[in-house]
Amino acid sequence: MLEKSEENPNHKGVWVFTEQIDGKLKNVGLELLGAGRKIADKLGEELVAVLLGYKVIELVKDLEAYGADKVILVEHELLEQFTVDAYTKVLAELTIKYKPSVLFIGGTLNGRELAPRLAARLNTGITSDCVDFDINSDGHLTHVKPFGKLMAKIICKTRPQIATAKPNVFKKLEPNWDRRAKIVREEIKINPEDIRTKILGRIEANKNPYGSIEDADVIVAVGKGLCSKENLKLIQELADLLGASVACTRPVVDRGWLPSSQQVGQSGKTVAPKLYIAIGISGATYHTVGMKNSDIIIAVNKDPKAPIFQIATYSIVGDLFKILPLLIDRLKKEVKEVKLSITTKGE
């Protein structure tokens, strides 16, 4: 176990745990390499990607391209599938050996299980669901996370400084496929007895009728301004025309209009689509923290002073029940014209 230390000069390096599932990297790891690059440059330290799995050497080239100076690779049959016992053991041993100053972990289902266990094992602090990082004048990492309507700045003086961030909070760097990183293979002894859980199989989840929002390019989101669940058919019709997924605010989930899988915001998911249409959403910090990185934001609200308009690319002030039917009719005409044009050219 590491000793608690406010100022330990032996801890150097910014680490990113780059999660993979079935030999495919999770985007959040690449996003955190972008955030880690900024912190590593400010500290004058190297950026290290940590990759665990089995027969995943091919993923190293992606980690090099997205900014890693070094890749620590651990391959073992018992790491092929994620188990919190095995992954915690390996990461803890690596951390004790190399003593990084900072460790970023993606706030996925696996990451949320792994990060607090690792922090407890290492006797250090952790901040979850961060939306920004910086280095203060004393050289400590500053974690920024939503706290009610405020953005709290948290400093962890123990080492390593562990933090998690949800997917889609940070932008990936532009890949440079000519970059090369130092590859370090580590052998960690893992016994089956170390793992208290066994994966028997996987069951595919039922298809979500509202669409997955994590990786959607277009999202139509609705707030309590919709007034009732029956009015969701209007939102779904618009989403179908745009090929979009449907999202919502927490009050919509609390009222039982949509499931929690569609919630965007502080206690929901973070998204970054190319187009985000916010309908009947006031724009409280609880929600906007989860969608402010969208490329284009279109907001529809009858209140001209609604906070959502402060971050919207395009703002429409008016009654959504008058605006949406007009928009849907126009889109139907556009789709019809496109289909007619294709048919005519085909003839």
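Give me the net charge for the shell around Thr313: Cβ to Cβ below 14 angstrom, other residues only, Lys and Arg +1, Asp and Glu -1.
+1
Helix-only mean residue ellipticity at 222 nm, the chain, DSSP H runs n ≥ 4 weighted -39,500 (n - 2.57), per residue, nearest 500. What is it?
It lands at -9000 deg cm²/dmol.
By count of other Cβ within 10 Å, fewest leading, how are Ile162, Ile298, Ile39, Ile281 ordered?
By the 10 Å Cβ count, ascending, the order reads Ile298, Ile39, Ile162, Ile281.
Quick one: pull the percentage of alpha-carbon pairs in the stretch 200-334 with a separation above 26 Å.
The proportion of pairs with Cα distances above 26 Å equals 15 percent.
Taking other Cβ within 10 Å of each residue's Cβ, how do Tyr314, Tyr54, Tyr87 sort, fewest first?
Placing the least packed residue first, the sequence is Tyr314, Tyr54, Tyr87.
Taking the stretch 239-277, which trypsin sites (Lys or Arg not before Pro) meet the DSSP loop condition and have no more than 10 other C-beta atoms within 10 Å?
none
What does the highest-first list of 204-212, 112-120, 100-108, 165-173 look like by mean Cβ count within 10 Å?
Descending packing order for the listed peptides: 100-108, 165-173, 112-120, 204-212.
Identify, among Gly44, Ser267, Thr249, the residue whose Cα sits farthest towards the positive end of the charge dipole of the chain, taking +1 on the Cβ of Lys and Arg and -1 on the Cβ of Asp and Glu, with the dipole about the Cα centre.
Of Gly44, Ser267, Thr249, it is Thr249.
Which angle between 0 and 90 degrees, to the nearest 10, do you get for helix 320-346 versus the longest principal axis of the chain when only C-alpha atoms count?
90
Angle, helix 84-98 long axis vs. longest principal axis of the chain, Cα atoms, 0 to 90°, nearest 10?
Relative to the chain, helix 84-98 is tipped by roughly 50 degrees.
What are the ³J(HN,Hα) values, in whole Hz, obtained from phi via the Karplus relation 6.51 cos²θ - 1.76 cosθ + 1.60 with θ = phi - 60°, for each residue of the stretch 271-283 in sequence order, with x given for Gly and Pro?
My calculation for the stretch 271-283 gives 10, 8, x, 6, 9, 10, 9, 9, 10, x, 10, 6, x Hz in order.
When Lys and Arg each count +1 and Asp and Glu each count -1, what net charge do the other residues less than 13 Å away from Leu59, Cβ to Cβ, add up to?
Once positives and negatives cancel, what remains is -2.
Let me have the relative contact order for the chain, percent, based on Cα pairs under 8 Å that are six or more residues apart.
For the chain, the relative contact order is 14 percent.
Any idea what angle helix 27-43 forms with the longest principal axis of the chain, computed on alpha-carbon atoms, 0 to 90 degrees, nearest 10?
Between the helix axis and the principal axis of the chain, the angle is about 60 degrees.
Within the set of other residues whose C-beta is less than 12 Å from the C-beta of Lys274, count the net charge using Lys and Arg as +1 and Asp and Glu as -1.
Taking every other residue near Lys274 into account, the sum is -3.
Read the figures in this text as sums done on the coordinates, not as results from a lab. Model, not experiment: these values are computed from the prediction. Cβ coordinates were reconstructed from backbone atoms using ideal geometry, including for glycine residues, and neighbour counts include every protein chain displayed.
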